[in-house]
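A quick write-up on the structure given underneath.
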Amino acid sequence: MTFDLIIALATACVAFVLSKRSVAHFPLWRAVVTPLASIIGSGFLLLGPILNIGYGGYAPLIMIALCFVAFLFGGVIRFNMAAGEQAIQNGDYGALAIRIETLSSWALAFAYIISVSYYLNLLGAFALSLTPFNSDLDAKLLTTGVFFIIVFVGWSRGFKSLEKMEYVSVSLKLAIIAGLLIGLMAHFGHRALDDALIFNPPKLDGWSALTLAFGLLITVQGFETSRYLGSEYDAQTRIKSMRLAQWLSTAIYLVYILLISYVFRPDQMSSSETGIINMMQIVAPILPFLLVAAALASQFSAAVADTSGSGGLFAQLSRNRITERQAYLLLAVIGVALTWSANIYAIVNYASRGFAIYYGLQAALGAVIAARQNTGWQRVGFYGLLATLGAVIALFGQPVE
C-alpha cells in the first residue's frame, strides 16, 4: 500500500509541474510536445513485452539500435530543414529535389493515416482491458467511436483545439511514465538485492530477429512532425524541438526497457497488445490502472498529433483541393477499414513500412541537397546509405507473430 502511494505521489508531482503555466507556455517545450506525443505514443506499451519475448536479455541492445536508427533519420530531416523548406520548393536544389520532397510528403500523409489507426486500436484494447467488455469486438467498436470523435473535433474546431487537447494528454502521459519508472526502479532494486535478476534467452536470431526489428520502426517514429509546424514555430525552434524530443524519448525508452528486461520470467510475459498490464500487476497493484490511463492519454495524444499532421499535409500537397477537414474524414474512413480488417500487429507493420519509405525518401533528398551544397562525398554517401536502409526496412520488415 505504501509503495502504491509513493508511485501515485510521484505521478501527481510530475503532473503538477507540467501543468504550471510557466512550463505549459514555454515556447520550446510547446514545440517539443507534438513530436514527443508521437514518439512515445505507444512504444512503452508494446515494446516491453515484444522485445523481452523476442530478444530476451538482449532487449536493451535492440532498443538502443532502434533509437539510434531513428536518430540518424532525424538527423537527415533536420539537415533538410536547415537547408530551407522554401528553398527546396523554389527549386534552389534542382527539380529532382522538388520531386523527391513531394513524393516523400505524400508517403508521410498516408503513413500518418495508418499510424492513427494503430494508435487508436491500441487505445481501444487498453481502454477495455480491465472491464467485463474486454473482447476484440468491443475494442474495435470503441476504436471506431474514437475515430469519429477526433474527426468531429478537427472538423468543428481545427488544429488549435486539437493542440490543446494534445498538451493535456502528453502531460498526463509523462506523469504516469514517471510513476511507472519509479515503481520499476524499486522492483528492479529489490530483485537485484535478492540476487534474483534473470537473463532470458532470445527466441529469435538471425534474419527473423532483424526483420522483426525493422517492423518495429513505428514505435520510435514521430520526430518528423516538428518539420510540419512551420506555421507555429521558426525552423531553428523546430530543429531544436525535434532533437530534444528524440533525446527525451530515447532516455525514457532505454531506462524502461533496462528495468523490465531482467525481472520477468518468460511465463510472466505475454505478446498480446495488453500484455504489459499483467507484467505490471506483479510490480504494484496500482500500475495496471495507471497504465490504462497512460494508454488512453498516450494513444489519444499521438493520434491527435498525426491527425493534425496528415490534415495539413493533404491540404498543402493538393493545394487545398483537399481541405484539412476532408483529410480528417478520409483518415477516419481508411482507419476504420483497417480496424475491422487487420490485427494490431499487422497495422504496426504497415505503419513501419510507410514511415520507412518516408525516411528513405528524406535521406535521398538529403543526399541531393548535400551534393548541390558541395558538403563532401562522405555526407552524400552516408545519406545514400540511409536511403537504402529505409528501402530495406520497407521491403523486409515483419510483424510480430
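Taken together, the values in this text are just the output of simple stated rules run on the coordinates, not laboratory data. Note that the structure is predicted; figures quoted are calculated from it, not measured. For neighbour counting, all protein chains shown are included, and Cβ atoms are generated from backbone atoms with ideal geometry for every residue, glycine included.
With 0.36 nm allotted per residue and the present C-alpha distance subtracted, the L130-L254 stretch has 41.9 nm of extension available.
Note: relative contact order over segment 1-126, using C-alpha pairs below 8 Å and six or more positions apart, is 14 percent.
What does the C-alpha gyration tensor say about the overall shape of segment 293-371? Classify as rounded when a/c is under 1.5, otherwise prolate if a/b is larger than b/c, or oblate. Walk me through the intermediate numbers first.
Numbers: a/c = 1.85, a/b = 1.31, b/c = 1.41.
Oblate, since a/c reaches 1.5 and b/c is not below a/b.
For the residue pair W29 and Q281, what label-to-label distance in nm results when each label sits 7 Å from Cα along the Cα-to-beta-carbon direction? Computed distance between label sites W29 and Q281 equals 3.7 nm.
Summarising the label geometry, the points placed 7 Å from Cα in the beta-carbon direction at E232 and S22 lie 2.3 nm from one another.
Between D195 and S270, what FRET efficiency follows from the Cβ-Cβ distance if R0 is 30 Å, with the result rounded to 0.05? Please report the intermediate quantities before stating the final value.
Numbers: r = 26 Å, r/R0 = 0.88.
Here the calculated transfer efficiency is 0.70.
With helices as the sole contributors, the chain gives -27000 deg cm²/dmol at 222 nm; each DSSP H run of n ≥ 4 counts as -39500 (n - 2.57), and the sum is divided by every residue.
Full extension of the chain between A65 and I334 gives 93.7 nm of extra length, using 0.36 nm per residue less the Cα-Cα distance. Charge dipole (Cα centre; +1 on Lys/Arg Cβ, -1 on Asp/Glu Cβ; no other charges) of the chain amounts to roughly 960 debye. Rounded to the nearest 0.05, the FRET efficiency derived from the C-beta distance between L395 and L137 at R0 = 30 Å is 0.35. Taking all Cα pairs closer than 8 Å and separated by 6 or more residues, the relative contact order of the chain comes to 36 percent. Checking (i) 68, 47, 45; (ii) 62, 49, 40; (iii) 63, 47, 45 against Cα extents along the principal axes in Å calculated from these atoms, the matching label is (iii). For the chain, the membrane-span-like helix rule (DSSP H, alpha carbon extent of at least 27 Å along the helix axis, mean Kyte-Doolittle at least -0.5) picks out 59-83, 95-127, 136-157, 159-193, 235-260, 286-317, 344-373, 377-396; this says nothing about an actual membrane. Each of T388 and S318 was given a label point 7 Å from its Cα along the Cα-to-Cβ line. The distance between the two points is 3.8 nm.
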